[in-house]
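What follows is one structure encoded as structure tokens, with my remarks underneath.
Derivation of every value follows stated rules applied to the coordinates shown; laboratory data play no part. Every value quoted in this text rests on a predicted model; they were computed, and no experiment measured them. Cβ coordinates were reconstructed from backbone atoms using ideal geometry, including for glycine residues, and neighbour counts include every protein chain displayed.
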Amino acid sequence: MNLQDLDVHRLTILWQASGGNTQLKDLIENELQKRIATNKSFSREYLFKVSKIQNNAITISFIPTTDSYNEYGANVTIDLLLSNSEMEEFLKNYSANPPINTSGQLRAKALVKDKLNEDQLSRLENIGFHTNEILEILYL
């Protein structure tokens, strides 16, 4: 098996199943780290559209080993917190032809707080998470 041939979802499943095999887990974590910097699966503008234009709560699953995964756990259900300037930027980028998609930090308010302590809630609202750390999102 060649880890380079697996996508991030398959690597995540393998990482979760690696259990006590620390050698395999380390190899998978190294491969995941290589992928995070180039992960452009979800843009800030896409999350803006889903959260603010379509008015959905979003459950974000993070790639294992990322700062966000280590800080907030495997997933969080959120509503984006945007300043007026961020709102203007995302609306302009979203409306551009062709649309402009950017990656970067986003701040959010946790809608399901049972797994997060006060420090984590504060960090989510003030620092947030980076879009390249997102494995997948779900919304209703």
_Is there a quick way to get the dipole size of the chain? I mean about its Cα centre, with the Cβ of Lys and Arg at +1 and of Asp and Glu at -1; what is the value in debye to the nearest 20?_
260
*Does a label point 7 Å from the Cα of L138, set along Cα-to-beta-carbon, have any residues of region 93-120 with amide nitrogen under 20 Å, and which are they?*
109-116
*For the chain, how many pairs of lysine residues have a Cα-Cα distance under 26 Å, where the two are 8 or more positions apart or belong to different chains?*
15
*E136's amide H: which non-local residues (gap 5+, or another chain) put their own amide H closer than 5 Å, with H modeled 1.01 Å from N in plane and none for Pro or chain starts?*
S61
*Sum -39500 (n - 2.57) across every DSSP H segment of at least 4 residues in the chain, then divide by the residue count to get the 222 nm mean residue ellipticity, nearest 500.*
-11500 deg cm²/dmol
_Selected from V50, L80, T102, residue furthest toward positive end of dipole (region 44-139; charges at beta carbon)_ = V50
*Angle, helix 8-17 long axis vs. longest principal axis of the chain, Cα atoms, 0 to 90°, nearest 10?*
50
*Here are some values of semi-axes √(5λ) of the Cα gyration tensor in Å: (1) 25, 19, 13; (2) 32, 14, 13; (3) 28, 19, 12. Which one was computed from this structure?*
(3)
_Restricting region 27-124 to trypsin sites (Lys or Arg not before Pro) in coil, as DSSP defines it, with at most 13 other Cβ within 10 Å_ = K40, K115
*Whole-Hz ³J(HN,Hα) from phi, Karplus 6.51 cos²θ - 1.76 cosθ + 1.60, for region 107-124, glycine and proline x*: 9, 8, 9, 6, 8, 10, 9, 5, 9, 10, 8, 4, 4, 5, 4, 5, 5, 4
*asked:* Run the simple label-point estimate for I100 and I13 please: 7 Å along Cα→C-beta, distance reported in nm.
replied: 3.8
*In percent, how large is the relative contact order of region 75-140, given Cα pairs closer than 8 Å and 6 or more residues apart?*
36
_Among 53-61, 127-135, 79-87, how do they line up by average Cβ neighbours within 10 Å per residue, starting with the highest?_
127-135, 53-61, 79-87
*In order through region 68-79: 3J(HN,Hα) via Karplus (6.51 cos²θ - 1.76 cosθ + 1.60), integer Hz, x for Gly, Pro*: 5, 4, 5, 7, 10, x, 5, 7, 9, 9, 9, 10
*asked:* Between 0 and 90 degrees, rounded to the nearest ten: what's the tilt of helix 84-95 against the longest Cα principal axis of the chain?
replied: 80
*Karplus-derived 3J(HN,Hα), 6.51/-1.76/1.60, for each residue of region 27-34, Hz, glycine and proline x*: 4, 5, 4, 4, 5, 4, 4, 5
